[in-house]
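In what follows, a single structure is set out as structure tokens and then discussed.
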Amino acid sequence: MKRESVIAKKKFGQNFLKDESVLRKIVEAMPKNDNKVVEIGPGLGDLTKFLVDVKSVEAFEVDTDLCKLLQSEFKKEIVTKRLQLNCGDVLQAWKSSLVDEPYDLVANLPYYIATNIILKALADPMCKNILVMVQLEVAEKFCAVAGEKVFGSLSVITQSIGSSHIVVKVPPTAFDPQPKIDSAVFLIQKSSDRNDEEFENMLRVAFKQPRKTLMKNLSQKYDKTLLLEAFDELELTLTIRPHQLQTHDYHQLNKCLTRVNEIVQ
Ligand code: SAM
């Protein structure tokens with residue numbers, strides 16, 4: 001198959017990035033280090049071309065037609081091991097780590113599984129940095145700061161692990177075929193890994209209904225008297241909404257609720 005005859009498959013979230021200035025911005029934003037690059041969904045290989053110029057790359061592509069195309073386009077890089085191409089579903093290949101050496105994830109992600117992939121990368125001890133294109137709305141959730149309306153559990157999880165910021169917003173015209181929504185590239189620089197299940201369970205309850213008060217949400221799971229004690233200790237008002245707390249307040253709250261629960265049991 002020739003690249004001109006490729007028809008994008010919706011079921012695999014195929015929107016190919018055509019704007020070379022955005023491709024260059026992604027490469028410029030890559031953290032400077034010796035880590036390998038992992039690309040999920042190389043597609044037609046337009047970003048891959050830029051990546052193999054600067055780093056060793058391991059790529060995962062689910063579409064067998066595209067995989068064949070990539071195998072012929074990158075014959076030389078595959079022989080010299082500059083590119084290791086895995087054909088298949090990345091989620092099937094992902095055990096506790098996706099690869100067995102430190103890596104940075106750099107990708108224009110398939111949007112239908114983007115949040116899942118980012119959460120897996122945040123938990124993966126071999127993944128050090130995450131530089132990805134996703135839909136703008138999702139990027140804003142991972143990069144929000146306390147007080148912003150979209151500040152939620154994804155923002156708190158990210159801030160507990162490292163720092164994040166939006167690199168560039170990307171309009172639908174940068175892609176072929178064009179998606180219906182705006183996109184953005186964002187960077188997470190990890191300083192630890194995601195591994196606190198109890199904390200994340202508390203966050204899920206805290207942000208369940210973002211417009212309600214934090215107290216109302218948490219009352220769905222925690223005893224009211226214990227909550228009142230914790231709020232009093234942390235000097236939180238009863239009317240505070242979930243997006244108004246800082247990440248460190250959530251850690252303090254979790255400590256209080258865990259401690260109080262332990263005393264009760
Ligand atoms: N990197 C290319 C670009 O920037 O033009 C393509 C990006 S396109 C948004 C997403 C890519 O992810 C497609 O090539 C698609 O086939 C691939 N993909 C979708 N689901 C996948 C999965 N579960 N595992 C691996 N690749 C997947």
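The values are calculated or read from the model by the stated rules, or taken from the named source; none is laboratory data. Since this is a predicted model, take the numbers as computed values, not measurements. Cβ: placed from backbone, ideal geometry, glycine included. Neighbour counts: every protein chain shown.
Quick look at the numbers
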{"read-out": "Odd one out for residue 11 among (1) more than 9 Å from the ligand (Cβ to nearest atom); (2) surrounded by fewer than 16 Cβ atoms within 10 Å (Cβ to Cβ); (3) of a type outside the set (A, V, I, L, M, F, W, C)", "value": "(1)"}
{"read-out": "Unmet criterion (only one of (1) modelled with pLDDT of 95 or more; (2) surrounded by fewer than 18 Cβ atoms within 10 Å (Cβ to Cβ); (3) over 24 Å from residue 242 (Cβ atoms)) for residue 96", "value": "(1)"}
{"read-out": "Filter pass, residue 76 being crowded, with 17+ Cβ neighbours inside 10 Å, part of a helix (DSSP H, G or I) and either more than 15 Å from the chain's Cα centre (by Cα) or within 13 Å of the ligand (Cβ to nearest atom) (or both)", "value": "no"}
{"read-out": "Filtered residues of the stretch 28-72 (kept if of a type in the set (A, V, I, L, M), surrounded by fewer than 18 Cβ atoms within 10 Å (Cβ to Cβ) and either in a strand (DSSP E or B) or within 15 Å of the ligand (Cβ to nearest atom) (or both))", "value": "29"}
{"read-out": "Any hit, the stretch 166-174, residues being over 30 Å from residue 4 (Cα atoms), in the same structural domain as residue 23 (by TED's automatic domain parsing) and of a type outside the set (S, T, N, Q)", "value": "yes"}
{"read-out": "Members of the stretch 84-113 that are among the aliphatic types (A, V, I, L, M) and within 13 Å of the ligand (Cβ to nearest atom)", "value": "85, 90, 91, 93, 98, 105, 106, 107, 109, 113"}
{"read-out": "Residues of the stretch 85-120 classified as in a helix (DSSP H, G or I) and without any contact (Cβ under 8 Å) to a residue 24 or more places away in the chain, total", "value": "1"}
{"read-out": "Filtered residue count, the stretch 121-135, keeping only those that are more than 12 Å from the chain's Cα centre (by Cα) and either part of a helix (DSSP H, G or I) or at pLDDT below 95 (or both)", "value": "0"}
